[in-house]
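Before any comments, here is the structure.
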């Protein structure tokens, strides 16, 4: 990575500040320095966690970029096709703690 001049790089962008804060906290918990930028929402004031027109970005030091991207992969939602496989015939989502259903035959 010779020639790199930016000490911090963007590893993720989110539409809501809450999502960016969650990702940032997850990275920090994993021992990766991280910060959220773009969360300056003016009239809403400090602590606003909702959607942002410009989005919020999560940044890490350039030498931890690969580690951060690996950690953030675990935060991605599962494949929606897999979620449909977990549903029962009547549309309820199957759970491990649900008792088996018996046919009313």
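Values computed for the structure shown
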read-out	value
Test: residue in region 43-50 that is surrounded by 12 or more Cβ atoms within 10 Å (Cβ to Cβ), assigned to a helix (DSSP H, G or I) and modelled with pLDDT under 75	yes
Residue in region 19-28 that is surrounded by fewer than 14 Cβ atoms within 10 Å (Cβ to Cβ) and modelled with pLDDT of 60 or more present	yes
Positions within region 51-67 being assigned to a strand (DSSP E or B) and modelled with pLDDT of 90 or more, in sequence order	57, 58, 59, 60, 61
Any pair with Cβ under 8 angstrom, 6 or more apart, that starts in region 15-30 at a residue that is on the phi < 0 side of the Ramachandran plot and ends at one that is assigned to a helix (DSSP H, G or I)	23/72; 26/71; 26/72; 27/68; 27/71; 27/72; 30/67; 30/71
Selection count, region 68-93, where residues are at pLDDT 65 or above, over 17 Å from residue 18 (Cα atoms) and touching a strand residue (DSSP E or B) at 6+ places or on another chain (Cβ under 7 Å)	2
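The values are calculated or read from the model by the stated rules, or taken from the named source; none is laboratory data. Here the structure is a predicted model, which is why all the values come from computation and not from measurement. Cβ: placed from backbone, ideal geometry, glycine included. Neighbour counts: every protein chain shown.
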